Amino acid sequence: VDGWKAGDRVLVNPLNKKKGLMGEMMDGGMAEYCLVSVEQLIRMPDGVSFEEAAALPVAYGTAHRMLITHNTIKKGDRVLVLGASGGVGTGCVILAKMLGAEVIACAGSADKLERLKALGADHVIDYKTTDFSKWAVEKYGKPQRRTYEGGVDVVINFTGGDTWVPSLRCLKRGGSLLVCGATAGHDPKEDLRYIWSFELKVIGSNSFYDDDLSALMSMIASGRIKPVIDKVLPLEQAAEGLRLIQDREVMGKVIVTP
């Protein structure tokens with residue numbers, strides 16, 4: 001292998017271009033040793049720990065591509081993030097704040113809401129007790145068809161399901177609905193009237209690339225962002241890490257170390 005030597009500090013992009021995503025289409029990296037293609041190696045800059053680098057794929061890379069690579073958020077935007085306490089969600093909160101947005105973060109427990117406030121969210125909503133769409137309309141006003149008053153500029157929705165139409169309902173005229181997944185259902189009820197009446201944009205974003213991961217590591221090295229790591233567990237407790245994620249007991253990322 002040219003250009004690399006033993007001892008180089010590298011982040012592995014889990015997306016193998018020929019075989020697919022590690023941990024999904026092929027064996028993952030929860031092992032002491034792991035064989036990867038040279039094309040998957042990304043050099044780690046000084047000032048970035050292995051734990052911080054490991055937190056970036058898949059979630060933070062996905063958030064970076066959706067918000068920054070696609071240039072979907074600008075300073076002063078009102079950005080509502082659904083599922084804000086997970087990996088993609090915390091990444092979106094951090095990056096949106098870095099871009100100068102006013103961030104509304106939605107999560108399902110008081111503890112997570114407090115931690116999202118500490119992370120920089122301007123407003124937090126418990127989606128179990130509060131209708132996020134009605135909250136946004138009451139806070140910012142009902143979106144108007146003939147002006148650009150009311151509503152939020154951007155809703156980040158990678159859940160789908162029952163949250164889809166409420167997301168459309170609270171967007172201002174010309175607003176954007178960003179989607180990179182469908183954790184609660186890929187075939188939600190639709191209402192096209194909101195899309196044409198308010199000239200809404202539905203913007204899809206798929207996965208991440210080396211450039212997204214490299215840019216994130218540069219941000220960490222320069223102190224601009226810090227990924228949210230809930231727990232760092234030894235390899236022997238990998239199953240516990242998966243359980244924590246499955247049971248939604250995690251804020252941000254779980255890192256497994258060999």
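The values are calculated or read from the model by the stated rules, or taken from the named source; none is laboratory data. The model shown is predicted, which means the values in this text are computed figures rather than measured ones. Here the Cβ positions follow ideal geometry from the backbone for every residue, glycine too, while neighbour counts run over all protein chains shown. Each accessible area value is taken on the protein alone, full model and side chains, heavy atoms only, with ligands, DNA and RNA left out. Shrake-Rupley method; radii C 1.70, N 1.55, O 1.52, S 1.80 Å.
A few comments on the model shown:
- Residue match in segment 185-196 (condition: surrounded by 20 or more Cβ atoms within 10 Å (Cβ to Cβ) and of a type outside the set (Asp, Glu)): no
- Number of residues in segment 86-95 that are in contact with a Ser or Thr (Cβ under 9 Å, 6 or more places away or on another chain) and open to solvent by 10 Å² or more (accessible area, probe 1.4 Å) equals 3.
- Annotation note: Cβ proximity below 6 Å between a residue of segment 1-25 that is on the phi > 0 side of the Ramachandran plot and in contact (Cβ under 8 Å) with a residue 24 or more places away in the chain and a residue that is open to solvent by 100 Å² or more (accessible area, probe 1.4 Å) and aliphatic (A, V, I, L, M) (sequence gap 6+ or interchain) occurs for no pair.
- Selection count, segment 132-163, where residues are out of contact with any Leu (no Cβ under 7 Å at 6 or more places or on another chain) and either under 15 Å from Val81 (Cβ atoms) or of a type in the set (Lys, Arg) (or both): 10
- Filter pass, Gly83 being in contact with a Phe, Trp or Tyr (Cβ under 7 Å, 6 or more places away or on another chain) and open to solvent by less than 20 Å² (accessible area, probe 1.4 Å): no
- Only one of Leu213, Leu177 that is outside any loop (DSSP other than H, G, I, E, B) and in contact (Cβ under 8 Å) with a residue 60 or more places away in the chain: Leu213
- Selection from segment 19-47 of residues that are over 16 Å from Pro57 (Cβ atoms) and open to solvent by 70 Å² or more (accessible area, probe 1.4 Å): Glu32, Tyr33, Leu35, Asp46
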